[in-house]
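Comments concern the structure below.
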Amino acid sequence: MSIEVKISLPGLAGIILIMASIAAGIYVFQMDSSLTYTWIVPLNSVQVIHLYFKQNIGLALVDVGKGSNYITVSSGAASTLTLLPASSSYAVITARGVSIYVETVNAIGTLIIVAAAWITVRRRSGLKLAIVMTVLSMLVASSVFAQIFYLNTGLGSGYSVKERGFSIPFSQLEPVVLENETYRYSYVLRDAVNGVALVNLSIQVRDQYIPLIIVRAYNNQGSIDIPLSTSIPSGGPITYSAASYLSSGNLTIYVLSMGQLENTTLNYYKIEFQRIGDSPSILVTLLPLITLAASIASCIVLLRITMLRQRPNN
């Protein structure tokens, strides 16, 4: 006794399309769930970050003088995060998990295509079936492309960063001798700033001479003096420090002293931000939804045509 299973050509075409549609949906889900975004963002101005509707959002605020604090911003489907300016900090944002938006579109689109393919196979054959299968295949491809394209824009947005830091004692620097009754020696340090940069510096004075310190930034709009804060801990050295955002230009540190500084140290740190891409436009954000609407409308039209004339039974 043998069991023989016969699959017609239309049935085979429908099975192939249904399996391909399901496989495409699974691929989008796996890609989305494994995709984690990490953005490093300067806080020199208000920043609005598109979060791609990811489930888990984390935020680290890094103060270049004090360290960092990490908090979980949300666990859900947040769309954007707004960060206010902070003169001595930058932000590190992570977005992980599945995108509720993408997976909703993915699930609905897959169900629509599967249902349309199943109904069409049962009611059409020949050239008309081939045309319908081709249209449905194009809808699957366009939907997958729109979702992947939207998700991939997050990999090319945000900023690239470049860091520079050093610690140098003034004994290693060659001072300039001044003909001045108040200050006899001058130390000058210069650095170039490209794009937007967050600079943090501190000078620990361990000598008997209290220097005059001027931190001046130069750019196309002129020059500005960066204010210094002073810390005098019990039993410790006097520390002058400053943290500020600067735009493209030059930074010069002037240190004037009555005597040579043998034990005073400069600690310097700079992180530069270069924008590599913007957040997705409204059109790109709505692209998965637009393709879903097009798929639903196309399937409704195809099913109406299919229902008008049923394939005769043999």
- [ ] Could you state, as a whole-number percent, how many of the C-alpha pairs of the chain are farther apart than 35 Å?
- [x] 48 percent
TODO: For the stretch 140-150, just list the computed ³J(HN,Hα) in residue order, Karplus coefficients 6.51, -1.76 and 1.60, θ = phi - 60°, integers in Hz, with x standing in for Gly and Pro.
DONE: 4, 5, 5, 5, 5, 4, 4, 5, 5, 4, 4
Open item on the list: If packing is taken as the average count of other Cβ atoms within 10 Å, what order do 81-94, 130-143 fall into, highest mean first?
Closed with: 130-143, 81-94
Task: Net lengthening on full extension, residue 155/residue 216 (0.36 nm per residue, minus Cα-Cα) - done: 18.3 nm
Open item on the list: Just to confirm the number: angle between the C-alpha axis of helix 9-34 and the first principal axis of the chain, 0 to 90 degrees, nearest 10?
Closed with: 20 degrees
- [ ] Taking 7 Å along the Cα-to-C-beta vector as the label spot, tell me the residue 296-residue 238 distance in nanometres, rounded to one decimal.
- [x] 7.1 nm
Task: Dipole in debye (nearest 20) - the chain, about Cα centre, beta carbon charges: Lys, Arg +1; Asp, Glu -1 - done: 2020 debye
Task: Of 261, 99, 110, farthest towards positive along the dipole that unit charges on Lys, Arg, Asp, Glu beta carbons give the chain - done: 110
TODO: Beta carbons within 10 angstrom, averaged per residue: use that to sort the peptides 278-290, 110-122, highest first.
DONE: 110-122, 278-290
- [ ] Go through 288, 271, 210 and say which Cα lies farthest out towards the positive end of the charge dipole of the chain; charges sit on Cβ, +1 for Lys and Arg, -1 for Asp and Glu.
- [x] 288
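Computed from the coordinates by the stated procedures, all read-outs in this text should not be read as laboratory data. Quick caveat: nothing in here was measured; it's all calculated off a predicted structure. For neighbour counting, all protein chains shown are included, and Cβ atoms are generated from backbone atoms with ideal geometry for every residue, glycine included.
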